[in-house]
Amino acid sequence: MSYFAHETAVIDDGCTIGKGTKIWHFSHIMPNSILGNNCNIGQNVVVSPKVVLGNNVKVQNNVSIYTGVTCEDDVFIGPSVVFTNVMNPRSAIIRKDEYLETIVRKGASIGANATIVCGNDLGEFSFIGAGTVITEKVLPYALVVGNPGRPIGWMSKRGHRLQFGANGIAKCPESKETYQLRDGRVFCLAEKK
């Protein structure tokens, strides 16, 4: 076995788990889900059938990731985050053929207790604040907070808030990468040499 699973974790037949992945106490990895290499799945996490997690995805404790969710590489999911997969659930009505797709793009971070309403795309390196409710598409590098979630700024790949000058240019204080704000979107221009 090329991954670690705590003895209390439930790993169903038919799932794929990458090399170096760790699955902790009381978590349940369901059939036909795919976990990439070097993921870390915290305690009491549910990964439903057909969920796809890329490489190096970090899932903190008490997270529910339901069918229809794809997380690309390097995604961070904070404690007690919830993903939904049906817009109008009712106990007495089966809607398994109505699951909506949610994609969390490379490098995005989702803060503790956030709720991600299904059918939305969270852009690369976006940053979702703790307790935020996402009800619409999130642009790359956007910092989104509140209920419903609203963009309040922009974040670098390293997770620092970007301060744009009059010329629409900002630099990450840690990496020194240059970013440009153009037409309501942020673009990473160059990395420090």
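The values are calculated or read from the model by the stated rules, or taken from the named source; none is laboratory data. As the structure is a computational prediction, the values presented were derived from the model and not from experiment. Glycine gets a Cβ as well: all are built from the backbone with ideal geometry, and neighbour counts include every protein chain shown.
Summed over the range 120-174, residues that are of a type in the set (Val, Ile, Thr) and over 18 Å from THR102 (Cβ atoms) total 3. The set of residues in the range 29-79 being of a type in the set (Ser, Thr, Tyr), over 10 Å from the mean Cα position of the chain (by Cα) and under 20 Å from PHE125 (Cα atoms) is empty. Can you pull out the residues in the range 101-116 that are buried (at least 18 other Cβ atoms within 10 Å of the Cβ) and either modelled with pLDDT under 95 or assigned to a strand (DSSP E or B) (or both)? Listed by number, the residues that qualify are THR102, VAL104, SER109, ILE110, THR115, ILE116.
Can you pull out the residues in the range 165-182 that are surrounded by 15 or more Cβ atoms within 10 Å (Cβ to Cβ) and not aliphatic (A, V, I, L, M)? Matches in the range 165-182: LYS171, CYS172, GLU177, THR178, TYR179, GLN180. Among residues of the range 17-76 being of a type in the set (Lys, Arg) and at negative phi, the one that is surrounded by the fewest Cβ atoms within 10 Å (Cβ to Cβ) is LYS19. For the range 17-26, the count of residues that are more than 15 Å from the chain's Cα centre (by Cα), within 26 Å of GLY119 (Cα to Cα) and in the same structural domain as GLY119 (by TED's automatic domain parsing) is nonzero.
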